Amino acid sequence: MLGQSGSGNDGIYEWLAGADVSGDYDFGKFTGSEYVDESNIGDGWTKLYVAQSADPQPQPPAVPAGLSAASAGSASITLGWTAVTGATGYQIEIDGSSTYVSTTGASYTHSGLAAGSTHKYRVRAVNAAGPSGWSALATATTSQNQPQPPAVPTGLTATASSSASISLGWTAVTGATGYQIEIDGSATYVSTTGASYTHSGLAAGSTHKYRVRAVNAAGTSGWTALVTATTPGQSSASVIDISHNGTDGFTFGETSDQVKRYQTFAANANKKLTKVEVKVKKYNGPTDLTVSLYATKDSKPTGSALATATVKASAIGEDFAVVSVPLAYSGLASGTTYAIVLGQSKNSDYANYEWSTSEVSASLKYGKYSGGKWLDESGIGDGWLKVYVGS
């Protein structure tokens with residue numbers, strides 16, 4: 001609508017009008033009291049300029065507040081912060097690395113860490129417009145590993161090794177620094193660092209009970225179950241002695257050649273075998289020593305073992321020494337030849353044993369198991385052996 005601010009007939013305006021531009025528009029005049037349509041004379045020359053408002057530009061989110069870092073054990077640290085309005089996610093900088101960890105929530109757990117290690121963190125929010133600034137650094141340290149008491153020992157055995165002693169053995173416990181042995185219910189325990197013990201100075205025919213627990217800096221394990229053993233009574237014991245002062249020896253416990261070694265002996269009138277003693281040494285950490293009694297044929301071991309005992313490798317040294325082995329068999333026949341056979345529980349060409357060997361008697365036989373058969377090697381001597389028998 002066009003007009004002028006004042007009234008009068010001396011000065012007026014004229015609006016250029018032409019042919020009808022569009023039937024959608026109307027053109028007319030105001031007479032002073034009413035509006036009169038004059039669309040029949042055309043349309044007034046007009047251009048309208050309309051301003052369009054611009055959409056607001058997205059803005060990066062605010063810096064996250066309240067970042068905290070706390071140890072969650074010896075291997076992880078938990079982070080938390082206040083969620084930021086308008087953020088679609090977050091980036092976490094760990095220990096200054098330029099490779100950021102991304103998450104959509106306002107918390108994160110950093111795991112797989114070393115015990116007692118310190119780590120620093122900062123976080124920023126992100127959205128389509130970009131990232132916020134970084135938060136202040138937060139630092140936390142994982143806790144140290146707490147030592148744990150050892151497990152209860154397993155495999156406790158008690159065997160009379162003579163009329164005056166009983167030998168104990170058990171499986172070593174990982175993480176144990178020693179063991180305590182309770183004997184006959186006494187509150188005064190025997191301490192040892194190894195996984196074996198010999199209770200000596202006992203009366204013949206006496207019975208004793210034992211249990212064991214492991215110890216370390218964190219405390220003690222529970223007790224094992226009780227085991228009981230009885231020393232044998234006095235008997236007409238004797239020793240079949242094939243010992244010597246030789247300093248040489250021959251190995252056994254290998255995988256193919258010197259798999260086992262044997263030494264024969266002749267039984268006397270005593271029918272009960274109680275133990276044997278052998279002089280051996282070990283090389284390179286072998287497995288446990290096996291000691292067996294065999295019948296013989298043509299002065300060589302035959303058939304299956306009549307009795308077998310095992311000696312823990314930890315009880316045997318790297319220099320020749322006598323090892324006492326409880327070995328029970330009650331059917332020895334006077335004048336009959338038997339063989340004591342030595343081996344190891346798992347053969348190895350690298351880790352094995354050596355049996356002290358020297359000439360004792362031409363009537364005795366010494367040899368090896370090789371290539372699936374027993375071979376006589378009596379020409380190199382006799383294996384150091386004492387056989388304890390009784391009635």
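Looking at THR264, THR357, THR287, THR274 in this structure, which one is buried (at least 21 other Cβ atoms within 10 Å of the Cβ) and touching a Lys or Arg at 6+ places or on another chain (Cβ under 6 Å)? Quick ask: steps written out before the conclusion?
Working: THR357 fails: touching a Lys or Arg at 6+ places or on another chain (Cβ under 6 Å); THR287 fails: buried (at least 21 other Cβ atoms within 10 Å of the Cβ); THR274 fails: touching a Lys or Arg at 6+ places or on another chain (Cβ under 6 Å).
Answer to the selection: THR264.
Looking at region 259-268, which of its residues are aliphatic (A, V, I, L, M) and over 15 Å from THR337 (Cβ atoms)?
If we filter region 259-268 for residues that are aliphatic (A, V, I, L, M), which is where we start, we get 259, 266-267.
Correct list: VAL259 only.
Which count do you get for residues in region 131-183 that are among the hydroxyl-bearing types (Ser, Thr, Tyr), in a strand (DSSP E or B) and crowded, with 16+ Cβ neighbours inside 10 Å?
6
Take the residues in region 21-33 that are assigned to a loop (DSSP other than H, G, I, E, B) and within 15 Å of LEU2 (Cα to Cα), then tell me which one is modelled with the highest pLDDT. Walk me through it before giving the result.
Taking region 21-33 first, the residues assigned to a loop (DSSP other than H, G, I, E, B) are 21-27, 31-33.
Then drop every residue that is not within 15 Å of LEU2 (Cα to Cα), which leaves 26-27, 31-32.
On the way: ASP26: 76, PHE27: 69, THR31: 73, GLY32: 71.
Filtering region 21-33 for residues that are assigned to a loop (DSSP other than H, G, I, E, B) and within 15 Å of LEU2 (Cα to Cα), the one modelled with the highest pLDDT comes out as ASP26.
Could you please find all residues in region 111-130 being hydrophobic (A, V, I, L, M, F, W, C) and assigned to a strand (DSSP E or B)?
Here is the first cut: in region 111-130, the ones hydrophobic (A, V, I, L, M, F, W, C) are 113-115, 123, 125-126, 128-129.
Answer for region 111-130, where residues must be hydrophobic (A, V, I, L, M, F, W, C) and assigned to a strand (DSSP E or B): VAL123, ALA125, VAL126.
Can you tell me which of THR193, THR188, THR207, THR224 is closer than 26 Å to GLY317 by Cβ and either β-branched (Val, Ile, Thr) or loosely packed, with under 13 Cβ neighbours inside 10 Å (or both)? Walk me through it before giving the result.
Working: THR188 fails: closer than 26 Å to GLY317 by Cβ; THR207 fails: closer than 26 Å to GLY317 by Cβ; THR224 fails: closer than 26 Å to GLY317 by Cβ.
Result: THR193 is the single residue among THR193, THR188, THR207, THR224 that is closer than 26 Å to GLY317 by Cβ and either β-branched (Val, Ile, Thr) or loosely packed, with under 13 Cβ neighbours inside 10 Å (or both).
I'd like to check something: does region 282-297 contain any residue that is over 44 Å from the mean Cα position of the chain (by Cα) and either closer than 22 Å to ASP257 by Cβ or not assigned by TED's automatic domain parsing to the domain that holds ARG261 (or both)?
yes
Considering each residue of region 161-187, count those that are at pLDDT 95 or above, within 27 Å of VAL276 (Cβ to Cβ) and among the small types (Gly, Ala, Ser), and give that number.
Of the residues in region 161-187, 4 are at pLDDT 95 or above, within 27 Å of VAL276 (Cβ to Cβ) and among the small types (Gly, Ala, Ser).
Given the residues ALA114, ALA128, which is the only one that is exposed (fewer than 12 other Cβ atoms within 10 Å of the Cβ) and farther than 14 Å from SER71 by Cα? Full working, then the answer.
Details: ALA114 fails: farther than 14 Å from SER71 by Cα.
Only one candidate qualifies: ALA128.
What are the residues in region 258-281 that are charged (D, E, K, R) and within 42 Å of the chain's Cα centre (by Cα), if any?
LYS260, ARG261, LYS275, GLU277, LYS279, LYS281, listed by residue number.
Exactly one of these conditions fails for THR46: (1) among the β-branched types (Val, Ile, Thr); (2) surrounded by 11 or more Cβ atoms within 10 Å (Cβ to Cβ); (3) modelled with pLDDT under 90; (4) not in a loop (DSSP other than H, G, I, E, B). Give me its number.
(4)
Just the residues that are assigned to a strand (DSSP E or B) and either of a type in the set (A, V, I, L, M, F, W, C) or touching a helix residue (DSSP H, G or I) at 6+ places or on another chain (Cβ under 9 Å) (or both), please, taken from region 184-196. Outline the logic, then answer.
First pass over region 184-196, keeping only residues assigned to a strand (DSSP E or B): 190-192, 196.
Selection gives VAL190, SER196.
Closer than 30 Å to SER196 by Cα and either touching a strand residue (DSSP E or B) at 6+ places or on another chain (Cβ under 8 Å) or assigned by TED's automatic domain parsing to the domain that holds VAL276 (or both): does that describe LEU327? If you could, list the steps in order and put the result at the bottom.
Working: closer than 30 Å to SER196 by Cα: yes; either touching a strand residue (DSSP E or B) at 6+ places or on another chain (Cβ under 8 Å) or assigned by TED's automatic domain parsing to the domain that holds VAL276 (or both): yes.
For LEU327, the condition - closer than 30 Å to SER196 by Cα and either touching a strand residue (DSSP E or B) at 6+ places or on another chain (Cβ under 8 Å) or assigned by TED's automatic domain parsing to the domain that holds VAL276 (or both) - is met.
Of all residues in region 197-232 being hydroxyl-bearing (Ser, Thr, Tyr) and not in a strand (DSSP E or B), which is farthest from the chain's Cα centre (by Cα)? Spell out how you get there, then give the answer.
Restricting attention to region 197-232, the residues satisfying the condition of being hydroxyl-bearing (Ser, Thr, Tyr) are 197-198, 200, 206-207, 210, 220-221, 224, 228, 230-231.
Applying the additional criterion that residues be not in a strand (DSSP E or B) yields 200, 206, 221, 224, 231.
Values: SER200: 38, SER206: 43, SER221: 19, THR224: 23, THR231: 41 Å.
If we take residues in region 197-232 being hydroxyl-bearing (Ser, Thr, Tyr) and not in a strand (DSSP E or B), then SER206 is farthest from the chain's Cα centre (by Cα).
Going by the structure shown, is ALA351 assigned by TED's automatic domain parsing to the domain that holds GLY249, among the hydrophobic types (A, V, I, L, M, F, W, C), surrounded by fewer than 21 Cβ atoms within 10 Å (Cβ to Cβ) and farther than 30 Å from SER163 by Cα?
Details: assigned by TED's automatic domain parsing to the domain that holds GLY249: yes; among the hydrophobic types (A, V, I, L, M, F, W, C): yes; surrounded by fewer than 21 Cβ atoms within 10 Å (Cβ to Cβ): yes; farther than 30 Å from SER163 by Cα: yes.
Yes: the conditions hold for ALA351.
Quick one: would you say GLY367 is over 25 Å from GLY155 (Cα atoms) and either surrounded by fewer than 21 Cβ atoms within 10 Å (Cβ to Cβ) or assigned by TED's automatic domain parsing to the domain that holds THR255 (or both)? If you could, list the steps in order and put the result at the bottom.
Working: over 25 Å from GLY155 (Cα atoms): yes; either surrounded by fewer than 21 Cβ atoms within 10 Å (Cβ to Cβ) or assigned by TED's automatic domain parsing to the domain that holds THR255 (or both): yes.
Considered against the rule, which asks whether it is over 25 Å from GLY155 (Cα atoms) and either surrounded by fewer than 21 Cβ atoms within 10 Å (Cβ to Cβ) or assigned by TED's automatic domain parsing to the domain that holds THR255 (or both), GLY367 comes out as yes.
Considering each residue of region 313-343, count those that are within 20 Å of ILE380 (Cβ to Cβ) and of a type outside the set (Ser, Thr, Tyr), and give that number. Break it down into steps so the answer makes sense when it comes.
Of region 313-343, the ones within 20 Å of ILE380 (Cβ to Cβ) are 320, 337, 339-343.
Now drop any that are not of a type outside the set (Ser, Thr, Tyr), which leaves 320, 339-343.
Selection size over region 313-343: 6.
Quick check on region 298-318: of everything there that is among the charged types (D, E, K, R) and buried (at least 16 other Cβ atoms within 10 Å of the Cβ), which residue is farthest from the chain's Cα centre (by Cα)?
The first filter runs over region 298-318 and keeps only residues among the charged types (D, E, K, R), leaving 298, 300, 312, 318.
Pick out the ones that are also buried (at least 16 other Cβ atoms within 10 Å of the Cβ) and you get 300, 312.
Numbers: LYS300: 46, LYS312: 24 Å.
The residue in question is LYS300.
Condition check: assigned to a strand (DSSP E or B) and touching a residue at least 60 places away in the same chain (Cβ under 8 Å). Does ALA339 satisfy that? Working first, answer last.
Details: assigned to a strand (DSSP E or B): yes; touching a residue at least 60 places away in the same chain (Cβ under 8 Å): yes.
Criteria met by ALA339.
So which of ASP248, ASP298 ends up being farther than 18 Å from GLY343 by Cβ and without any contact (Cβ under 8 Å) to a residue 12 or more places away in the chain? Walk me through how you get there before you give the answer.
Values: ASP248 fails: without any contact (Cβ under 8 Å) to a residue 12 or more places away in the chain.
Going through ASP248, ASP298 in turn, just one is farther than 18 Å from GLY343 by Cβ and without any contact (Cβ under 8 Å) to a residue 12 or more places away in the chain: ASP298.
Please pick out the residue among SER348, SER356, SER361 that is in contact (Cβ under 8 Å) with a residue 12 or more places away in the chain, touching a Gly at 6+ places or on another chain (Cβ under 9 Å) and assigned to a loop (DSSP other than H, G, I, E, B).
Values: SER356 fails: assigned to a loop (DSSP other than H, G, I, E, B); SER361 fails: touching a Gly at 6+ places or on another chain (Cβ under 9 Å).
That would be SER348, the only listed residue that is in contact (Cβ under 8 Å) with a residue 12 or more places away in the chain, touching a Gly at 6+ places or on another chain (Cβ under 9 Å) and assigned to a loop (DSSP other than H, G, I, E, B).
The values are calculated or read from the model by the stated rules, or taken from the named source; none is laboratory data. Every value quoted in this text rests on a predicted model; they were computed, and no experiment measured them. Quick reminder, even Gly has a Cβ in these numbers, built from the backbone with ideal geometry, and neighbours come from all protein chains shown.
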